[in-house]
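Reading through the structure tokens given below for one structure.
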Amino acid sequence: MQPADAGCKDYKTEANMILIVKHIGIEGPGSLGEFFNNTSWQVSIVEIGAGEKLPDSLQGLQALIVLGGPMNVYEEAQYPFLKEEDTFLREAIKRKIPVLGICLGAQLLAKACGAAVTQNPEKEIGWYRLRLTDKGRQDPFFEGLPERFSVFQWHEDTFEVPAGAALLAEGDTCHNQAFRFGENAYGLQFHIEVTPEMIASWFCSYQGAAATHDIMDIMAHSHRAQRDLSKLADRIYLNFSRMIGAPEKAIAGR
């Protein structure tokens, strides 16, 4: 077990635990980890892509956060841990544990909720404008956010909105950008956790995927947009933490 910035072993969940599932070393929790490490919750990461195992039990789990990664949800033969995640997510949803899925995590959540995940007509890499839907403007997850905002994207797949779920945000290049299933399971196709340093490392590691994009322009935009993204992300983290049932001291001063 480990804090949100180091490696961990197999373990069981403990009381007051927020669990982050990480698929690859360079796609860590970023600003999200920083936010929750400054609360009174115990925050731990399972590096599932590196062979670490999910907990045997969800007992004591306060929230589940699933990060992004370069694999696709339908590549279970190549990445067997995706099946384990699917089972784990289904159980978390069944128990109404708050869930936040980011990029691949959102696609895994959509799949666990019974929706299809397919290739988007156009790959999104860089900064894109999104807009909240009517339901998104009314949802506490996006409370305090403007109706339109810019986010960083890096994906080639998209999810269908699960049956019974609410579409909360949409875009032009990829329509389905955020959804809520049930009361507290949220999927975001976009990245709110990134920093310019993280984005630069992705360009170094995923050069083939970004070959047709203007890296210098995207990086310049990333530095300009960082302050606005940080404010947007912190508000989302705060809203989500309140849904977890945050003890007063957990979010004091936020």
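Every number in this text was worked out from the coordinates using simple rules, so none of it is lab data. As the structure is a computational prediction, the values presented were derived from the model and not from experiment. Neighbour counts are summed over all protein chains in view; Cβ atoms, including those assigned to glycine, are modelled from backbone coordinates with ideal geometry.
Here are a few things to note about the model shown:
- Within the stretch 72-108, backbone nitrogen closer than 20 Å to the virtual label 7 Å beyond the Cα of GLN59 toward Cβ: 88-98
- Near the amide H of ALA178, within less than 5 Å, lie the amide hydrogens of LEU168, ALA169, GLN189, all on another chain or at least 5 residues away, with H placed in the peptide plane.
- Amide hydrogen neighbours beyond the local backbone of ASP157, cut-off 5 Å, H modeled: ASN120
- Summarising the amide proton neighbourhood of GLU52: residues at separation of 5 or more, or on other chains, whose placed amide H is nearer than 5 Å comprise GLU47.
- Projected over all directions and averaged, the alpha-carbon convex hull of the chain occupies 12.4 nm².
- Unsatisfied cross-links (Cα-Cα over 22 Å) in the set LYS94/LYS231; LYS53/LYS83; LYS53/LYS94; LYS22/LYS111; LYS123/LYS231; LYS83/LYS123: LYS94/LYS231; LYS123/LYS231; LYS83/LYS123
- Remark: the stretch 146-154, residue by residue, has Karplus-estimated 3J(HN,Hα) of x, 5, 10, 7, 9, 9, 8, 10, 7 Hz, where x stands for each Gly or Pro and the curve is 6.51 cos²θ - 1.76 cosθ + 1.60 at θ = phi - 60°.
- Each Lys and Arg adds +1 at its Cβ and each Asp and Glu adds -1 at its Cβ; summed about the Cα centre, the chain shows a dipole of about 720 debye.
- Note on the stretch 131-254: Rg/Rh from Cα positions, Kirkwood definition for Rh, rounded to two decimals, is 0.99.
- When each of the peptides 118-126, 100-108 is scored by the mean number of other C-beta atoms lying within 10 Å of its residues, the order from highest to lowest reads 100-108, 118-126.
- log₁₀ of I(q)/I(0) at q = 0.16, 0.18, 0.29, 0.31 Å⁻¹ - the stretch 159-207, Debye sum with one point per alpha carbon: -0.59, -0.68, -1.01, -1.08
- Binning the alpha carbon pair distances of the stretch 62-180 at 10 angstrom intervals from zero yields the distribution 13, 46, 34, 7, 0, expressed in whole percent.
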